[in-house]
Amino acid sequence: MSIDYTERIPNNVNLAEDRRLQRALESWQPAFLHWWGEMGPTLPTQDVYLRTAVAVGKEGWANFARVKVPEYRWGIFLAERDPDRRIAFGQHKGEPVWQQVPGEHRSSLQRLIVVQGDTEPASVEQQRRLGLTAPSLYDLRNLFQVNVEEGRHLWAMVYLLHAHFGRTGRDEAEALLLRNSGSEDSPRILGAFNEETPDWLSFFMFTYFTDRDGKYQLGTLKESAFDPLSRTCEFMLKEEAHHMFVGTTGVDRVVERTAVLMREHDTDDVAPFGGIPLAVIQKYLNFHYSVSLDLFGGETSTNVANYFTTGLKGRWQEERRRDDHVLTDAVTTVEQIDGGRIVTADLPALTALNHDLRTAYIADCQTGITRWNRILASNGVTGHGLRLPHVGFNRKVGLFAGCHITPDGRIVGAAAWEAGRPAWLPTPADKAHVESLMRPVYEPGKIAAWLAPPRNGINGQPLDYEYVRF
Ligand code: BYC
């Protein structure tokens, strides 16, 4: 199914046939462009080598070209409809999926779409200044790619709000441009999206850990009985894969450079040699992982039980699960805190679905750790591995919120935790060192000295290709 680029809003949803909806979205479009101008990337460019979606099918969906960023064609692209698709879970299991929103699920569904939509512009806002300090044109181009696609993901949610939620949907779509990351008066909805992304190590950690939450949340919404949401998320997941690639390979390259410097200078303290010490990388990892865990909500939640039972939000890879997909009698093992100890208890699986999703996410995060430790070992650094901190470390949401848990999983007092903090989370001095390395390198083929070059260019282009022109 190809996308119509002759329209003012490119789309594959026959927008031209619904004049009211088209007009409503066309009146939201200038507000979006205004927001992009005010809150999007601050670095002016002539053009950037970007991919743009041209179709939604399995093969060949994207086109690469030099694009003037403000003229990027943001649009509405849903994966193809499967006319036989049926609800895979919950009380409506086996029934045909919904093309319209059932009245009784309106507010819950709108809430989920608004929360999802809120994260997309938030991340653009968080990353808006990174263009000033990119370590290469290759990296700068990737930043712009991530940003324009997050902008498109906002379009994806706004389309659903306008097309299916009437007046309140239009109001929510407007509000998505009014909240801002880190704002005192009207912050973004979820915690991690109000944190700063002030440097490129943070950006790589964010795209590894926080975008990965996006992968898992979108994966559950892709299972939704509300078919337009499912189809939107299916296509968003395709774009999302590149964002996580940026994170994974970004951290790869920082770790590789650090390992080389450690070996060359026979020291852990690579800061004087222009590298980022492994201990600092670990602290950034601890921070981004723990705030991303908060994005899964509480370990037990009646919200998620209701979302599942009513068919709004499924599980990760729902259809591959070998159970009844209803879960009324199922139990699952969840951590609990009991008298100052972390124990486990069997709880109803339905209320523990956030925990279920988080468990899959944690296993996925661990693959990065294994990969980075392999890079360290292959560069002759052994006995110094990176690791994921305990799930209870530095948490603000759920069971562990308010507890003082060390990265290795010990419950300690507030004073001991505060005393340990400088060894576990980035200190002002760590941030100042990372910040001191953030100098733009904008000569084609050149790379900053604090990270290794990428393995390959973009879309078969050489590394010294002029990915961004000023
Ligand atoms: N911060 O019942 P609970 C992405 C609220 S990332 C602040 O425990 P529930 C992306 C919660 O809203 C993916 N508030 O949790 C990545 C609830 O409030 P109400 C984003 C929080 O509802 C990078 C109350 O606490 N998508 O796409 O089962 C770049 C009790 O919550 C937080 C989604 O999240 C928090 N961290 O699950 C760009 C999918 N956590 O309703 C993009 C849609 C919880 O009582 N959202 N609360 O007022 C959801 O599925 C669910 O809303 C959540 C929470 C998973 C977020």
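The values are calculated or read from the model by the stated rules, or taken from the named source; none is laboratory data. Keep in mind the model is a prediction, meaning the values are calculated, not measured. Every residue, glycine among them, receives a Cβ derived from its backbone with ideal geometry; neighbour counts consider all protein chains shown. Calculation scope for accessible area: heavy atoms of the full protein, side chains included, ligands and nucleic acids excluded. Shrake-Rupley method; radii C 1.70, N 1.55, O 1.52, S 1.80 Å.
Solvent exposure of the stretch 321-378 amounts to 53 Å² per residue of accessible area, where only protein heavy atoms count and the probe is 1.4 Å.
Put a plus charge on the Cβ of each Lys and Arg, a minus charge on the Cβ of each Asp and Glu, and nothing anywhere else: the dipole of the chain about its Cα centre is then about 360 debye. Sorting the segments 257-267, 308-318 by their mean number of nearby beta carbons within 10 angstrom, highest to lowest, gives 308-318, 257-267.
What value in Å³ per residue do you get for the convex hull of the alpha-carbon atoms in the stretch 167-284? It would help to have the intermediate numbers written out before the result.
Working: hull volume 14.4 nm³, N = 118.
Roughly 122 Å³ of hull volume per residue.
For a straight C-alpha distance cut-off of 15 angstrom, the aspartates and glutamates reachable from K446 (same-chain residues fewer than eight places away being disregarded) are D139, D464, E466.
Take the alpha carbon gyration tensor of the stretch 94-208, find the square roots of its eigenvalues, order them as a ≥ b ≥ c, and report rounded if a/c is under 1.5; if not, report prolate when a/b exceeds b/c, else oblate. Judged from the Cα gyration tensor, the stretch 94-208 comes out prolate (a/c at least 1.5, a/b above b/c). Only one residue of Q29, V397, V441 has its Cα farthest out toward the positive end of the dipole of the chain, where Lys and Arg carry +1 and Asp and Glu -1 on Cβ, and that residue is V441. Projecting the Cα positions of Q282, A345, P272 onto the charge dipole of the stretch 268-400 (unit charges on Cβ atoms of Lys, Arg, Asp and Glu, taken about the Cα centre) puts P272 furthest along the positive direction. Annotation: peptides 453-465, 286-298, ranked by per-residue average of other Cβ atoms within 10 Å with the highest first, follow the order 286-298, 453-465. A straight Cα-to-Cα reach below 12 Å connects K283 with the aspartates and glutamates D430, residues fewer than 8 places away in its own chain not being considered.
Per residue, the average separation of C-alpha pairs within less than 8 Å and at least 6 apart gives the stretch 323-470 a relative contact order of 11 percent. When the square roots of the Cα gyration tensor eigenvalues are ordered a ≥ b ≥ c, the ratio a/c for the stretch 416-470 is 1.5 or more and a/b exceeds b/c, which makes its shape prolate. The alpha carbons of the stretch 252-383 occupy a box of 59, 38, 21 Å along the principal axes, longest dimension given first. A cut-off of 5 Å between modelled amide H atoms, ignoring neighbours fewer than 5 places along the same chain, links V67 with V48, Y49, L50. For the set K93/K222; K68/K215; K238/K313; K222/K396, the pairs lying more than 24 angstrom apart at their alpha carbons are K68/K215; K222/K396.
Dividing the radius of gyration of the alpha carbons in the chain by their Kirkwood radius gives 0.97 for Rg/Rh.
Each residue was assigned an accessible area with a 1.4 Å probe, and for Y208 the value is about 0 Å².
Remind me, relative contact order of the chain in percent, using alpha carbon pairs under 8 angstrom and six or more residues apart?
19 percent.
Across the accessible surface of the chain, with the other protein chains kept in place and a 1.4 Å probe, carbon and sulfur atoms take up 49 percent.
Annotation: for a label point projected 7 angstrom from Cα along Cα→Cβ of E7, residues of the stretch 69-87 with backbone N closer than 11 Å are 75-78. When +1 charges are put on Lys and Arg Cβ atoms and -1 charges on Asp and Glu Cβ atoms, the dipole computed for the stretch 367-462 relative to its Cα centre reaches about 220 debye. Taking a ≥ b ≥ c as the square roots of the eigenvalues of the Cα gyration tensor, the stretch 1-47 is oblate, since a/c reaches 1.5 or more and a/b is not larger than b/c.
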